[in-house]
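Just so it is clear, none of the values below were taken in a lab; they were calculated from the coordinates. Being a predicted model, the structure only gives us computed values, none of them experimental. Counting neighbours? That spans all protein chains shown, and the Cβs are built from the backbone with ideal geometry, glycine included.
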There are 2 protein chains.
Amino acid sequence: MGLLESIRGPKDLRVLDTDELNKLAQEIRQEMIDVVSKTGGHLAPNLGVVELTLALHRTFDCPCDKIVWDVGHQTYVHKLLTGRLDRFKTIRQYHGLSGFPKRAESACDCFETGHSSTSISAAVGFAKARDVLGEGHNVVAVIGDGAMTGGMAYEALNHAGHSKTNMIVVLNDNEMSISPNVGAMSSYLNRLRADPRYDKRKEDIEFLLKRIPIIGPKVAKAVAKAKDSLGLLFEELGFTYLGPIDGHDQALVEQLLNQAKGKKGPVLVHVLTRKGKGYKPAEDNPDIFHGVGPFDPETGKIIKKSAPPTYTGIFGDTLCSLAKQDPKVVAISAAMPGGTGLNEFARLFPERFYDVGIAEQHAVTFAAGLAFGGLKPVVAIYSTFYQRAYDQVLHDVCLQQANVVLAIDRAGVVGDDGPTHHGVFDISIFRVIPNLIFMAPKDENELSHMLYTALKHNGPVALRYPRSVGQGVTMDETLIEIPVGKAEVLREGRDVTLVGVGPMVNTCLSAAHELRHRGVDAAVINLRYINPLDRHLLLHYARLTKKMITIEDHTLKGGMGSAILELLEEEGLEGIAIERIGYDGFVDQGPISQLHAAHGLSVKGIVQAAERLGLFRRVAGS
Amino acid sequence: MGLLESIRGPKDLRVLDTDELNKLAQEIRQEMIDVVSKTGGHLAPNLGVVELTLALHRTFDCPCDKIVWDVGHQTYVHKLLTGRLDRFKTIRQYHGLSGFPKRAESACDCFETGHSSTSISAAVGFAKARDVLGEGHNVVAVIGDGAMTGGMAYEALNHAGHSKTNMIVVLNDNEMSISPNVGAMSSYLNRLRADPRYDKRKEDIEFLLKRIPIIGPKVAKAVAKAKDSLGLLFEELGFTYLGPIDGHDQALVEQLLNQAKGKKGPVLVHVLTRKGKGYKPAEDNPDIFHGVGPFDPETGKIIKKSAPPTYTGIFGDTLCSLAKQDPKVVAISAAMPGGTGLNEFARLFPERFYDVGIAEQHAVTFAAGLAFGGLKPVVAIYSTFYQRAYDQVLHDVCLQQANVVLAIDRAGVVGDDGPTHHGVFDISIFRVIPNLIFMAPKDENELSHMLYTALKHNGPVALRYPRSVGQGVTMDETLIEIPVGKAEVLREGRDVTLVGVGPMVNTCLSAAHELRHRGVDAAVINLRYINPLDRHLLLHYARLTKKMITIEDHTLKGGMGSAILELLEEEGLEGIAIERIGYDGFVDQGPISQLHAAHGLSVKGIVQAAERLGLFRRVAGS
């Protein structure tokens, strides 16, 4: 039996000596590599926080003390140390452990996350509640340097620094371009700053901090400047700043955390860690191993299945070719150039590509400014992260009719990342915005045409497409405009109309085939435009078939089906029987196809809906 | 004829000498006081930027140069100087000039605003577009110190500082607690910092900045700390910092702006202004004259009509009494303690009240932290500003079932502030969130009971109420819980069911009275719960009357009426004729009653809907 099996909870860590802790760290890394090589997951971030998590759990007393993890994908070590080793193999699986903190899983998960930059806000809340209730526990937020680019983190720092409440922010700084010599300098700075004489020597240190670049000179990212100034910035905002130190020196981190624990008021502890630490393939390619699919643990080789290109890939390719033809096309990412398929665009058009950091609000309003300045900006953000920029889409883009294309990637369920990452609210919240043209393609070929159409259109356009491989269809060589507000009839039929949006249209086609076998003649409509709806066509088929089934990879409330209900009401069409297929409530984690099946987004689900509409009764009786 | 009448555009300002400019400033102030005393409006902020706006328009060349105004309520002077004097009397009136920048009004309004902290983002966009297109104009953002507490401004600074593009941010610092001696110190600092030898003396100045408080020691607000450090913060983020200077010394401001114009890269110009400057009543009460109704221009006395208390007032009063009984009740405001009725709460319970600045995202997640820490937080934010915290409501409060009460003030149209301030999207975007109980009271008495109910409830609750005086009903002395998901039948009827939400219920009652006169027997339902719907009761009346009219002070798409359409579909109820009353598209500015009338939210509108449902035909034929 290894050491890890003997750890039932954080208390068991306190009795270990240095050698045992090192051995435990090794076991933890091995366990994570073994499991994630099969399940996939956020490996590199977790390899980077092994010593930090050990130090946190030896210094603080969970669940009495509160540790809030920003984003939360770096909590695997935390899970292993808080009684979840036996279930660890189920991580990110259907009905298994979550890849993020979950209050239902453990009392040690005090706050759930998934999106970036919330931890300091939550921690100020925990700290203030403790103060009001006269309690005495510690509150710690653990936040990465990337998450510090989100404005919300600044709002929270502003409040925390002013409030003077006792709390600790651990800045887990894993910027990969940190060069080795930085470590030496930072150790020096740390010895100075962590010293009791610190206050007297503050000015000297600040002088040094200004002159000695903590960050290598070639860090060409927006985060760099922010990081460079973090020490000062925190002090200016009312924090005591400790660090930076080597985050893989567990004893040192523990020492600093203990020091922080003893201080009054808000304290920032700056630790430097390395993403992928201890596993060479992940150290070499921390980007790839950030969120990774199954791989060979020996070689680190990713297990790839041959598959058609993804929607994201086709989006990126098409945007590149359109940008070659039109110098006004520019692209914006919020810290996700790879995830949104924009790496090639960034390489080809560095002057026309903007990665603004984890700053969706700024990304969207910045795009509106670019548009009024005469360019054609395309903002590519995941559906779930657009929730961060709702007001900016509404006011800065749509109210003033800015020529902005909102590319909504990862629309629909996304799989193992679960409810914080599913993109199942965008239709409800975006279709109600006046002036916004809102499209969804049935396949990757249509996606190209739609992107072309969006860039031709004068005014704001949104375009939603899923996280998945395409249908494997042939791509047209010449792109054409798809008339705004025009749906497409893919199959004529007189008994029922199936209305699909996005790739669900293909499920409708298969279902129509199945229904045909059972004597039901279904029309299939590819909606194409969620806004404006093709009123004429939809009304025609509603009148013709009297029965409709709508299907969307999205929440039912306020969704596409709801838009069609509104249309029928507005036109005074009564007596049309409708079944809507989609999600009701938050959707669990799990494989996309399994989630679809579980919620009736399948041929079977459509056939069952047809049954509820009484379509087979009629046939049986005939 | 005064000087102001001779100003047809910014160019006419360039020929004026100092005396003429002073005279013009006086005329501008007089014109604004005269007009706003009749129309109401944002007087104090505009009185504070007279010299700054003159200096901007003498230094920069609109519309070629781009000036982006943050929030935008301080653009009256700008409007007067850019050809809109003749229409100025119509400001904030129905079909009149907007109280905010509007692209349709003038080429000099390059970006529309209304919500805070967007100007730097838009300005970076304009600047980057200029760079890509090889143009050479200037780009200026004008932002207040309050707006700097919004995280989005930080996101934009981060990007601007890194991008090294030429742009100017004018920080209009009108913090009212600035004491006179600060002016002298800041002038000294300015002379030093604006000096060509500045760079060499930077360390000295920074030393001084740290030791000499720019802000009086008693500024007990979160903004204070941020402001205190702004100079350093901007420099750290890659800006050249100029100032602070007296923003009412027009020549000095002009000089500094010209200096900024000549610099490479992003520049911050820090000007100190006084809200209400030049009009004693507004200088003495800048809070009251920030956004003010009609007043006597001679005395500054606000013209008040006797009226029942507002919903906001009742909310604040009720919260205070509930907080007296329960020490766990705490309240959060995002820079709007007065507007949301929390001033008295803040006075009574200073340790349990948190004003976090213009930081809605942080406010909501902070509340979730407070809730998990064991308190009962109530977050009071205007409907339109909740759009800034959608993701936080969804993930941080609702997904993890935090015990947070979301008080949605100013729900429905708000009047003269227009489309950026109307609260007409909250039902659509909040009702689709799983786990969120969503209420709306028909009157101020019910609001009290609902707030009581919300605080008793275990889990997230939203509560929407309008910007207006209450119905003048008697307030119950004892508060009781309103059963979750239970609607109220206010009137029985067999011909049609009127479903109202919020105070629209009272319009339904009046309409039922009117319909009775015309032979139609209408049932009236006070919906109370938008989520969960009272399915049983709604279905009963749908079946009984076969005809329904829904009415909501809200957008039609995805709104309350749409929720009822979904209910009928889910229950397979066909053949129910429904008319939904609400808004379609963005709603103009104007008096609330006029906006209601224009969109059919009136007795007349309901009667017309009844007519469309054929209710009178039947009666006529009988």
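Using a 10 Å cut-off around each Cβ of peptide A:113-124, what is the average number of partner chain Cβ atoms that fall inside?
Mean shielding count: 6.
Could you tell me which Cys residues in the protein assembly as shown have no other cysteine's Cβ under 4.7 Å from their own Cβ, answering none if every one has a partner?
A:Cys64, A:Cys110, A:Cys320, A:Cys398, A:Cys508, B:Cys64, B:Cys110, B:Cys320, B:Cys398, B:Cys508
Distance in whole Å from the A-onto-B rotation axis to the closest C-beta of chain A, together with the residue it belongs to, please.
Rotation axis A onto B, closest Cβ, rounded to whole Å: A:Gly151, 1.
Of the beta bridges DSSP finds with both residues in segment B:311-464, what % are antiparallel, to the nearest 5?
Bridges in segment B:311-464 that DSSP calls antiparallel: roughly 5 percent.
What residues qualify as long-range amide H neighbours of A:Val330, i.e. H under 5 Å apart, gap of 5 or more or another chain, H built at 1.01 Å from N?
Sorted by chain and number, the residues that satisfy this are A:Lys376, A:Val378.
Treating the point 7 Å from Cα along Cα-beta-carbon as the label, what are the nm separations from B:Arg8 to the other copies, to one decimal?
So the label point of B:Arg8 gives 8.9 nm to the other copies.
Which of the trypsin sites (Lys or Arg not before Pro) found in segment A:484-593 are loop residues per DSSP with 16 or fewer other Cβ atoms within 10 Å of their Cβ?
A:Lys486, A:Arg494, A:Arg518
For a quick check: with amide H placed at 1.01 Å from N, whose amide H comes under 5 Å from B:Ala462's, ignoring anything fewer than 5 positions away on the same chain?
B:Leu406, B:Ile437, B:Phe438, B:Met439
Take the alpha carbon atoms of segment A:311-464, find their radius of gyration, then divide it by 2.2 N^0.38 Å using N residues; give the quotient.
0.93
Label-point separation (nm) for A:Lys604 and B:Lys261, each offset 7 Å from Cα along Cα-to-Cβ?
7.2
How far is B:Thr299 from itself in the other copies, in nm, if each label sits 7 Å out from Cα along the Cα-Cβ line, shortest first?
Counterpart label points of B:Thr299 in the remaining copies fall at 9.0 nm.
When the gyration tensor of segment A:463-506 is built from Cα positions, what are the square roots of 5 times its three eigenvalues, in whole Å, from largest to smallest?
Semi-axis lengths for segment A:463-506 are 21, 16, 12 Å.
Kindly work out what percent of the DSSP beta bridges joining two residues of the protein assembly as shown are antiparallel, to the nearest 5.
In the protein assembly as shown, approximately 15 percent of DSSP beta bridges are antiparallel ones.
When you take every Cα atom in segment A:488-621, what is the radius of gyration, and what is Dmax, the widest Cα pair distance, in Å?
In Å, with Rg to one decimal and Dmax whole: 13.9, 42.
How big is the dipole moment of the protein assembly as shown about its Cα centre under a simple scheme where the beta carbon of each Lys and Arg is +1, that of each Asp and Glu is -1, and everything else is neutral? Debye, nearest 20, please.
In debye, rounded to 20, the protein assembly as shown gives about 160.
Which value in nm describes the separation of the simple spin-label points at A:Leu567 and B:Lys38, placed 7 Å from the Cα toward the beta carbon?
4.9
Compute the long axis of helix A:311-325 from its Cα atoms, compare it with the longest principal axis of the Cα atoms of chain A, and write down the angle in degrees, 0 to 90, nearest 10.
80
Chain B: D in µm²/s via Stokes-Einstein (Kirkwood Rh, Cα pairs, 20 °C, 1.002 mPa s)?
In µm²/s, the coefficient is 82.
Write out the GluC sites (Glu not before Pro) in segment B:405-491 meeting two conditions: DSSP loop, and at most 12 other Cβ atoms within 10 Å of their Cβ.
Passing both the DSSP loop test and the Cβ count: B:Glu477.
When you look at the Cβ of every residue in B:555-563, what mean number of other chain Cβ atoms sits within 10 Å?
5
When the expected Rg is taken as 2.2 N^0.38 Å, what fraction or multiple of it is the alpha-carbon Rg of segment A:22-153?
Cα-based Rg divided by the globular estimate yields 1.04.
Considering all projection directions equally, how large on average is the shadow of the alpha-carbon convex hull of the protein assembly as shown, in square nanometres?
Directional mean of the projected Cα hull area for the protein assembly as shown stands at 48.0 nm².
Rounding to the nearest 10 and keeping the result within 0 to 90°, find how far the Cα-based axis of helix A:560-570 lies from the longest principal axis of chain A.
50
Would you pull out the residues with amide H under 5 Å of A:Glu579's amide H, same chain only if 5 or more places away, H placed 1.01 Å from N?
It is A:Met548, A:Ile549, A:Thr550, by chain and number.
Sorted by mean Cβ packing within 10 Å, highest first, what order do the peptides A:34-47, B:497-510 take?
B:497-510, A:34-47
Shielding by partners for A:353-363, please: the mean number of other protein chain Cβ atoms within 10 Å of each residue's Cβ.
6
What gaps in nm, shortest first, separate B:Ala598 from its twins in the other copies when you place the label 7 Å past Cα toward the beta carbon?
In ascending order, 4.8 nm.
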